[in-house]
1. Which one is nearest to the other protein chains (Cβ to nearest Cβ) among residues in the range B:11-58 that are under 17 Å from B:Leu324 (Cβ atoms) and hydroxyl-bearing (Ser, Thr, Tyr)?
2. Is it the case that the range A:26-38 has a residue that's of a type in the set (Gly, Ala, Ser) and over 18 Å from the mean Cα position of the chain (by Cα)?
3. Can you pull out every residue in the range C:242-270 that is of a type in the set (A, V, I, L, M) and within 14 Å of chain D (Cβ to nearest Cβ)?
4. Here is a list: A:Glu8, A:Glu42, A:Glu30. Which entry is modelled with pLDDT under 95, acidic (Asp, Glu), surrounded by fewer than 23 Cβ atoms within 10 Å (Cβ to Cβ) and under 25 Å from A:Cys348 (Cβ atoms)?
5. Which ones in the range A:163-189 are among the polar types (S, T, N, Q) and away from every other protein chain (no Cβ under 14 Å)?
6. Return yes or no: is B:Val232 facing another protein chain (nearest Cβ under 10 Å) and part of a strand (DSSP E or B)?
7. Restricting attention to the range A:117-135, which residues are polar (S, T, N, Q) and surrounded by 18 or more Cβ atoms within 10 Å (Cβ to Cβ)?
8. Within the range C:148-162, which residues are part of a loop (DSSP other than H, G, I, E, B), within 22 Å of C:Val278 (Cβ to Cβ) and either more than 14 Å from every other protein chain (Cβ to nearest Cβ) or at pLDDT 95 or above (or both)?
Number of protein chains: 4
Amino acid sequence: MGRRLFKELERAYGFDEVAIVPGQVTINPELTSTKMNVGNQEFEIPIMASAMDGAVSPGFASHMHDMGGLGVLNAEGLYSRYEDPYSILEEIISAPQEGVTEFLQKVYSEPIREELIGQRVREIKNSGATCAVSFTPQNTKRMSPIAVEAGADIIVVQSTVTTARHMSNSYRGLVFSELIDSLKVPVIVGNCVTYEVAMELMESGIDGILVGVGPGAACTTREVVGVGVPQVTATLQCAAAREDYFRRTGRYVTVITDGGFRTGGDICKAIVSGADAVMLGTPFAQAEEAPGRGFNWGMANPHPELPRGTRISVGTKGTLKQILYGPTSRTDGTQNFVGALKVAMGMCGAYTIRDLHKAEMIVAPSIKTEGKFFQMSR
Amino acid sequence: MGRRLFKELERAYGFDEVAIVPGQVTINPELTSTKMNVGNQEFEIPIMASAMDGAVSPGFASHMHDMGGLGVLNAEGLYSRYEDPYSILEEIISAPQEGVTEFLQKVYSEPIREELIGQRVREIKNSGATCAVSFTPQNTKRMSPIAVEAGADIIVVQSTVTTARHMSNSYRGLVFSELIDSLKVPVIVGNCVTYEVAMELMESGIDGILVGVGPGAACTTREVVGVGVPQVTATLQCAAAREDYFRRTGRYVTVITDGGFRTGGDICKAIVSGADAVMLGTPFAQAEEAPGRGFNWGMANPHPELPRGTRISVGTKGTLKQILYGPTSRTDGTQNFVGALKVAMGMCGAYTIRDLHKAEMIVAPSIKTEGKFFQMSR
Amino acid sequence: MGRRLFKELERAYGFDEVAIVPGQVTINPELTSTKMNVGNQEFEIPIMASAMDGAVSPGFASHMHDMGGLGVLNAEGLYSRYEDPYSILEEIISAPQEGVTEFLQKVYSEPIREELIGQRVREIKNSGATCAVSFTPQNTKRMSPIAVEAGADIIVVQSTVTTARHMSNSYRGLVFSELIDSLKVPVIVGNCVTYEVAMELMESGIDGILVGVGPGAACTTREVVGVGVPQVTATLQCAAAREDYFRRTGRYVTVITDGGFRTGGDICKAIVSGADAVMLGTPFAQAEEAPGRGFNWGMANPHPELPRGTRISVGTKGTLKQILYGPTSRTDGTQNFVGALKVAMGMCGAYTIRDLHKAEMIVAPSIKTEGKFFQMSR
Amino acid sequence: MGRRLFKELERAYGFDEVAIVPGQVTINPELTSTKMNVGNQEFEIPIMASAMDGAVSPGFASHMHDMGGLGVLNAEGLYSRYEDPYSILEEIISAPQEGVTEFLQKVYSEPIREELIGQRVREIKNSGATCAVSFTPQNTKRMSPIAVEAGADIIVVQSTVTTARHMSNSYRGLVFSELIDSLKVPVIVGNCVTYEVAMELMESGIDGILVGVGPGAACTTREVVGVGVPQVTATLQCAAAREDYFRRTGRYVTVITDGGFRTGGDICKAIVSGADAVMLGTPFAQAEEAPGRGFNWGMANPHPELPRGTRISVGTKGTLKQILYGPTSRTDGTQNFVGALKVAMGMCGAYTIRDLHKAEMIVAPSIKTEGKFFQMSR
């Protein structure tokens, strides 16, 4: 027909729609290294726990450090609003599902107490862990110096959609280059999903970007406002920006795919898509050590007028160590993420995370396991 | 293979298959304006309630006006067939599902009483509201002057499929240019789904077009006769016609996507597809103020020989104010449509509806939420 | 990647994946004609009942004639194997589902009695109806003259896959050009699904081709042997052959899409795909007049070693007249096929079946009606 | 948009997404031959039973030989770890589902006893059958000579992903050309999925390759590590390598598609994709003669730290003879695989397996049989 259309639409892909192609050379998983950097900070594994109150408490951040990863504390969450956040957690956990959104809306309307930010940072630092805390753009300028002052090693500036140029009447748009200059610690900014925004953010001098808008199931941003880009395509775009920026400037910015993960396989796919690291919430909320004790809820959920998502029961699946390193007897890909990553690296002949960036990927809709398949493969 | 085929088929898309890409600049939702025009009439919000008897009564049209939108009264529905339509509504609502189609077929075989058309228009005008009434093409020439005489501000001419050139033995095809000249109020015509028909209708001088054939679930036009175009592609085509027509003539015709909406996100997607406004039925039938009291049925449903659709129980979900403006604790996108639109505009850096036309959209199949996803994003 | 592949794969489409685009001109359904020809035989409606024993008995063929269509009798089915087929039908209908395949295998192992073929043809002719009977290629040469001798007006030669050049040790491949010469009545041959085979069959002088391999749900040919082409693509190919053949020779061969229909909308889509007529089984097995009394089974089902399909309970949905012409209160597209076709023709501005060939069609995956859509369209 | 992406993604296809197009000539199934070769070994049917302990015991290998096919014994499975593997099988079969993965992990941690390898080979040879045994790459160099010494006719070297160049610290990568030289029996290697790896493996002198990574439902390799290629695309690539290699060298390497099969139709599709043979596990585990007595589990399942898959109950469906040759009254494609293959060959006009390679295939999503389709085709 050659129809005249107002605009063209390109196809985007999510984790469920792709698969990694094995490489031409294979290596033993023992030979692989999963090291990753954010600015001057190095980590043994490219896995972060996201700033969700049900997943990361100061204590959990310490556990993540012990495991070689990084747990980001939400500096605007319960831990900065309540002297005793644990009793509030208890109330959230025990609230009936009916009405829990209203309850979250109420709990999160309590003001942030700036002195608590410093206190939580110190708790993390005192445990010997690397400390990363997250702020929304509105509060970053005022509150992030408090966190750095208290010893924070990494500042994360995060909202559902973040750009280098935000327009507002109520506050002056955050200027990232000024922030970088003043803080003198690595800054991670997000979330974004396109080449152009990733490039502009990198040019402002930040050290890492968070990739992902509306990819998750519990987050209903895409349902409620229609905005979102599936994670494989979002990562492919931001990684293209990182490569171009690196070629031009010699500075390597860490790309962190944030959200939408279901299995260890998805983590591998994010990295093949170009991510240097991944950030997950619910899998860590499922750890025995998690503060949410089997429950999780997102930062956009308690929005007072347009909540997106709710508290979900995610269950407790094992220790943090099992989730990251196994051994496991679960066969659904939800444990031993590092083991899975190393096996995938072996199958693709990748010694390092950046080697894994070179692996091929195909579009291959996920396997239906409706019980009617009778073939078991090896 | 390069197979020889009788004709080529292009891919079309619906709301569920696309997602909006955040913009390069973001703005605070408070800075956005959702104003929209149809001819000389301006509205605060680009949202109309469709001419379905279960959704729009004269009283409901008044409520829509108070909320900044427009409710269209079906001038060939119960309100123009019965002196006391409310008792008939009562009967429809309480009819057993088994047999309700036959009952609707019978109720709508009662003749239209022309004096009731004027009476309903006056009821709406007396409430202070803008009055829009809809007719089928067959009755427009004879009945629409009655409505305008009584004070109607906008005439809607609507059938399942409308073209500028309809052939009939039983009545002379409606000539829209003659209608425009005689009525002297804005005229909205529909439904159409292609560039060519939209262009021909615009050239006849009309002020707005309704976009959508067979998109909804309760409407079974596509099942029964196989005809239909998904709303994103239909809107992309009609918006392309509007742009070309505007460039050529300087006259801007309002494109209204009608039907197939499921969430606030779908409304945002329709506008990114090029719509200036949207028209919805069931979400308004779900308002506490709606005459259908939790039930709705379409205009094509009671067709005496080939009914398409039936009465469906849609439930009551909240007040009209909550549905349009929140606040809400629902997280499924079915309330606070205006809030959702303003958030999407903010994420895309759009100050106005026409700015939002410039946002990008991608093809991204809807997220499966079968409970097997464990990641909650922010 | 530009992967090297052993062969290229093209996309094919079924009814569920396409939708008809309304035309630039619309006409009133009363102005449309649904006439259709096979050789010298003209029919009021382009709808045939297929040669399935649960659908077409001699009596049912007579009813189809009265309705303006054509019912094809299976000349190798129960009616030609049993003096009293009705008691056998009774047994099939009342057999328990468990074991019914074995029972069908047994019932159809009874030999065909040639004298019964003539008897059934005469029953149909005596009712005043046009008589069409079907044979498999193996038996056509020997048995079809018996049917013509008895008065048959149309011979159908049908197997799962038929080509102009079949190789066999046990019988000489049927030569269609010789068959045409000897029979002197219109011959319909099938089934085929590609341009090349359709063209070769047309060149042999036949009057109609049946299109469709493995499209239906009850037929498991595609499951069992992996062979099949969805009906829209199959019809698009065979119709392209018909057009090319017509342009070259001036002879118009009737293309009949056979099987895979679910609704009246599917019938409309087959014709927009280029079919001149459609052939259906189960919808007619659902008629009150059908010999299967709510059950149906296919010709490939009772294969003694590799059965494909089984007896299915299809229910009784109404009279043949209601199924073809309504009026109906069903809103799912399974009744009033002719009404639906005329409405679609009206929406596409098609006065005749061949006009409807010119309508546009798009790829538009079928609407999900999982209850989560809240919009009812008109 | 012309988005900048880090890498391009191509579409890959599985069995469920394609269908075979009937040929221009058809032949009677009796005229077809299903013969197949691996090196100097010829087989009547191109069907192998895979080296899974629930499917192939020495006794089962003998049954497969009698049927014209080949059963591969896992030389590192229970039969080589336990003097009396049958009591262990009994324990696996009777273990509760809860905890069976741990139990498999434990059972398979028992060391391989080299003397048992020879013993099992002799059991198979003594029955008069062709003997094929499989090893993992780590153990092949040391253990495969023992098997050949004992009389093995074919050596299979198999791991989830195998390349010609594997890097390891703990053992020197297996050099296939050296292996071929030393063993002097045909060697089959796998699994691989790409043109490049297939080509490199062929160039090392091997006689057959196994195609398939992560295609099955019970295997969760794709879930757990994200790696996999659907079988149609994998086979299309490896077959392209075979053709190019054959054209260049005159040596024909057998391509064996391994895993992911659901029906006889899938077997036909693998061969149309270019496979010379297929290897299946579960369908044979479903035979009355199978050692797993209705249960099956994969070789990657008992991995001590990252298990992929588990024991699944597959049921017992009939004798091996019925599964391969029928006759059957099942209509779901899970019996009479050879009959199905011969029917497909007939429909495509293929006298031999290599003729069937020339058939066309299309992309045609699998038929939904949700009961809402009412058409039964023939």
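The values are calculated or read from the model by the stated rules, or taken from the named source; none is laboratory data. Because the structure is a prediction, the values reported are computed rather than measured. No Cβ is skipped: glycine too gets one built from the backbone with ideal geometry, and neighbour counts run over all protein chains shown.
1. The qualifying residue nearest to the other protein chains (Cβ to nearest Cβ) is B:Ser50.
2. The initial filter retains those residues of the range A:26-38 that are of a type in the set (Gly, Ala, Ser), namely A:33.
With over 18 Å from the mean Cα position of the chain (by Cα) added as a condition, the list becomes A:33.
Within the range A:26-38, one or more residues are of a type in the set (Gly, Ala, Ser) and over 18 Å from the mean Cα position of the chain (by Cα).
3. Taking the range C:242-270 as the starting set, the residues that turn out to be of a type in the set (A, V, I, L, M) are C:253, C:255-256, C:267, C:270.
Result: C:Ile256, C:Ile267, C:Ala270.
4. When all the criteria are applied, what remains is A:Glu30.
5. Initially, the range A:163-189 is screened for residues among the polar types (S, T, N, Q), giving A:163, A:168-170, A:177, A:182.
Result: A:Ser177, A:Ser182.
6. Details: facing another protein chain (nearest Cβ under 10 Å): yes; part of a strand (DSSP E or B): no.
It is false that B:Val232 is facing another protein chain (nearest Cβ under 10 Å) and part of a strand (DSSP E or B).
7. In the first step, residues of the range A:117-135 are kept if they are polar (S, T, N, Q); the result is A:119, A:126-127, A:130, A:134.
Passing the criteria: A:Thr130, A:Ser134.
8. Initially, the range C:148-162 is screened for residues part of a loop (DSSP other than H, G, I, E, B), giving C:150-153, C:159-162.
Now narrow it down to the ones that are within 22 Å of C:Val278 (Cβ to Cβ): C:152-153, C:159-162.
If the condition is that a residue be part of a loop (DSSP other than H, G, I, E, B), within 22 Å of C:Val278 (Cβ to Cβ) and either more than 14 Å from every other protein chain (Cβ to nearest Cβ) or at pLDDT 95 or above (or both), then C:Ala152, C:Asp153 are the ones that fit.
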